Amino acid sequence: MRLLADAFTSLPRELQRAESGQSGMLDHAKCVEMRSDLALLVPPQVVEWLPIVLYDLTMHRESCREEDGEMVAYFLDPIVRPPSRHDEEIVDKFAKSCSSEEDGQRLRDLMLTEPPWPARLSEMSAEQRLDYQNASNEQSFSLFNERQDLAVLAWLEAVRTWDCFRRFCPEDLARAIQYWQARVNARGQG
């Protein structure tokens, strides 16, 4: 937890608000809603919300499975795989939990619809397009600095044994750890 608070300015600010009884982003109901909506955020919002959602999930570990905790692992694993029928069922489940039908449809579109490729990419192989899509997914984390990368990696490693992650999305969590470890190593911290 300390790494998250040291790396992200939004978390200490929200903890201070909560301690003084003020309402803010650190509200469990808001954080549960954000678990499914992280993929809809732009990079500055990701920097603001992600540490708060991670902190809340840690404080409410018992709610992980019942309240879409695995959506955080899916979000932190930016490597896109072609959707399968199983993925569509999962996406539908989480789309129904979004705050509005419009947000649910955006989530479905983001996760299941092939992006509109620029004309020059239309001739690319499926593997090349997948690489292009992965690069665009990484934009969610484009504003993260070295300390923030390290804090996310530490959080992922700390929760890898949680039942909701171990039972329901172990591959996604493993890929997320691998991705964040590669980011940390690329910055010379690993």
- Which condition number does SER10 fail, the rest of (1) more than 23 Å from PHE168 (Cβ to Cβ); (2) modelled with pLDDT under 80 being met? (2)
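Out of all the residues in the range 138-153, is one or more surrounded by fewer than 18 Cβ atoms within 10 Å (Cβ to Cβ) and at pLDDT below 70?
The first filter runs over the range 138-153 and keeps only residues surrounded by fewer than 18 Cβ atoms within 10 Å (Cβ to Cβ), leaving 138-139, 142-143, 145-147.
Now narrow it down to the ones that are at pLDDT below 70: 138.
Yes; the residues of the range 138-153 include at least one that is surrounded by fewer than 18 Cβ atoms within 10 Å (Cβ to Cβ) and at pLDDT below 70.
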- Where residues in the range 38-67 are modelled with pLDDT of 85 or more and hydroxyl-bearing (Ser, Thr, Tyr), which of them is surrounded by the most Cβ atoms within 10 Å (Cβ to Cβ)? TYR55
- Residue, farthest from the chain's Cα centre (by Cα), within the range 16-37, restricted to residues that are aliphatic (A, V, I, L, M) and surrounded by fewer than 16 Cβ atoms within 10 Å (Cβ to Cβ): ALA18
- Query: Among the numbered criteria (1) without any contact (Cβ under 8 Å) to a residue 24 or more places away in the chain; (2) in contact with a Lys or Arg (Cβ under 8 Å, 6 or more places away or on another chain); (3) under 22 Å from ALA73 (Cβ atoms), which single criterion is violated by SER23?
  - Reply: (3)
- Query: Taking the condition in a helix (DSSP H, G or I) and within 15 Å of the chain's Cα centre (by Cα), does ARG175 pass?
  - Reply: yes
- What single numbered condition from (1) within 15 Å of the chain's Cα centre (by Cα); (2) at pLDDT 80 or above; (3) closer than 30 Å to ARG65 by Cβ fails to hold for TRP162? (1)
- Message: Between GLU70, GLU102, which is modelled with pLDDT of 80 or more and surrounded by fewer than 15 Cβ atoms within 10 Å (Cβ to Cβ)?
- Response: GLU102
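Assess whether VAL53 counts as being in contact with a Leu (Cβ under 9 Å, 6 or more places away or on another chain), within 24 Å of SER99 (Cα to Cα), free of Cβ contacts under 8 Å to residues at least 40 places away in the same chain and hydrophobic (A, V, I, L, M, F, W, C). I'd like the intermediate steps shown before the answer.
Working: in contact with a Leu (Cβ under 9 Å, 6 or more places away or on another chain): yes; within 24 Å of SER99 (Cα to Cα): yes; free of Cβ contacts under 8 Å to residues at least 40 places away in the same chain: yes; hydrophobic (A, V, I, L, M, F, W, C): yes.
Here the answer is yes, as VAL53 does meet what is asked.
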- Filtering the range 142-176 for residues that are under 20 Å from VAL46 (Cα atoms) and touching a Lys or Arg at 6+ places or on another chain (Cβ under 7 Å) leaves a count of 3
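The values are calculated or read from the model by the stated rules, or taken from the named source; none is laboratory data. Because the structure is predicted, anything quoted here is derived from the model rather than measured. When we count neighbours, we look across all protein chains shown, and the Cβ atoms used for this are built from the backbone with ideal geometry, even at glycine.
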